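One structure is given here, and the rest of the page talks about it.
The values are calculated or read from the model by the stated rules, or taken from the named source; none is laboratory data. In this text, all values refer to a predicted model and were calculated from it rather than measured experimentally. Neighbour counts are summed over all protein chains in view; Cβ atoms, including those assigned to glycine, are modelled from backbone coordinates with ideal geometry. Just so you know, the surface numbers come from the protein's heavy atoms only, side chains and all, with ligands and any DNA or RNA stripped out. Shrake-Rupley method; radii C 1.70, N 1.55, O 1.52, S 1.80 Å.
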Amino acid sequence: MRILITGGAGFLGSHLTDRFLAEGHEVIVLDNLITGSLDNVIHNYGNPHFQFIKHDVTTYIHVPWDLDAVLHFASPASPKDFPAIPIPILKVNSLGTHNALGLALAKRARFLLASTSEVYGDPLVHPQPETYWGNVNPIGIRGVYDEAKRFAEALTMAYRRAHGLDTRIVRIFNTYGPRMRLDDGRVIPNFVSQALRGEPLTVYGDGSQTRSFCYVDDEIEGFVRLLMSDEPGPVNIGNTRETSMLELAELVNRLTGNDAGITFLPLPKDDPKVRRPDITKARESLGWEPTIDLEEGLTRTIAWFRERLRV
Ligand code: UDP
């Protein structure tokens, strides 16, 4: 297959790129490098099946080649980005999704949208099945991401219904692993960097809020199965082990041998109190479930961060 990945120099996009190249597919990466990095794809330079094009997908996308699939993974995704670059986030998920869908339609290619558990907002149903419509504050600081992704899902379904485009939607829950930005601001890069520097870990609020963390290799396997299946989605892909931020901080301190402890900082506004995917649909329609537990995934992630931080 010839596969175009928007955001292919980002955390998830670059892991997907490597996976497809390893399976013998051709990959074209489009990325404006706003949060992605060439460091994530530079090892593929010289591979005749790989191309990188620096492009902002909020403007018209043209490529001369036939395509079999368009995967729309371009978007900043860290809560730290939401107040810093709110308009690019809204644009890449609205105008960018429109352009990526238009490209898929022109090429009669399959389209996969990277959506998010953020469509569920601060959920009133727990765990979250795909049938839950969510609890999102449209004008809050997270609204720029949550509402843009909700719009992207609506636009994807409109192309499916109006144009008969072959579409997939994946709702991605918290994912972690190598190639997250060191200064990403999300909890695992923060805790691991702090622990490796021997600093106290910054827990926001009282640390009782929960998330469910999926190691990147498991997550990528879910994306590939969805793309290759007939399931249009949306499908939740994430790990079902739920942990509080306090438990996570204690675990990272234990795995790194950090004895600097924990410091408590104010909870950001609209921070979801709980999050855990119901993955019944992924299990039944894709035969997928995560295989790498949190201790193992964190150990691999810590090793990667240790090399980058040179500590
Ligand atoms: N968090 C924290 N300390 C940090 C960064 C984040 O306690 O240094 C908390 C944050 O308040 C949230 C959870 O960790 O409750 C996950 O935050 P993250 O930014 O990773 O992503 P989110 O799941 O909120 O989109």
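Brief remarks on what is shown
- Between 0 and 90°, nearest 10: helix 187-196 axis offset from the chain longest Cα axis: 50 degrees
- Excluding ligands, DNA and RNA, the accessible surface per residue across the chain is 42 Å² with a 1.4 Å probe.
- Using the average count of surrounding beta-carbon atoms within 10 Å as a protection proxy, the listed peptides 52-60, 72-80 rank, highest first, as 72-80, 52-60.
- Amide H within-cut-off set for L71, under 5 Å, with H built and near neighbours excluded: L4, I5, T6, L112
- Amide H contacts under 5 Å for G185, placed H, 5+ residues apart: N190
- Amide H to amide H, with H built 1.01 Å from N, T175 comes under 5 Å of C214, counting only residues 5 or more places away or on other chains.
- Between 0 and 90°, nearest 10: helix 86-107 axis offset from the chain longest Cα axis: 30 degrees
- With the helix formula -39500 (n - 2.57) applied to DSSP H stretches of n ≥ 4, the chain reaches a computed 222 nm mean residue ellipticity of -12000 deg cm²/dmol.
- Whole-Hz Karplus values for the range 236-252 come out as 6, 10, x, 8, 8, 6, 9, 9, 7, 5, 5, 4, 4, 4, 5, 5, 5 Hz, taken residue by residue from phi with 6.51 cos²θ - 1.76 cosθ + 1.60 and θ = phi - 60°; glycine and proline positions read x.
- Candidate lysines for bridging to K80, where Cα separation is under 19 Å - those fewer than 8 sequence places away on the same chain excluded: K91, K149, K269, K273
- Rounded to whole Hz, the Karplus (6.51, -1.76, 1.60) HN-Hα couplings of the range 220-232, x for glycine and proline: 4, 4, x, 4, 5, 4, 5, 4, 7, 8, 9, 7, x
- The distance between label points at T291 and R161 comes to 3.8 nm (points 7 Å beyond Cα on the Cα→Cβ vector).
- Cβ-defined net charge surrounding T59, 14 Å radius [Lys, Arg +1; Asp, Glu -1]: 0
- Once divided by 2.2 N^0.38 Å, the Cα radius of gyration of the chain becomes 0.96.
- Antiparallel DSSP beta bridges within the chain, percent to nearest 5: 10 percent
- Rolling a 1.4 angstrom probe over the chain with all protein chains present gives an accessible area of which 53% lies on carbon and sulfur atoms.
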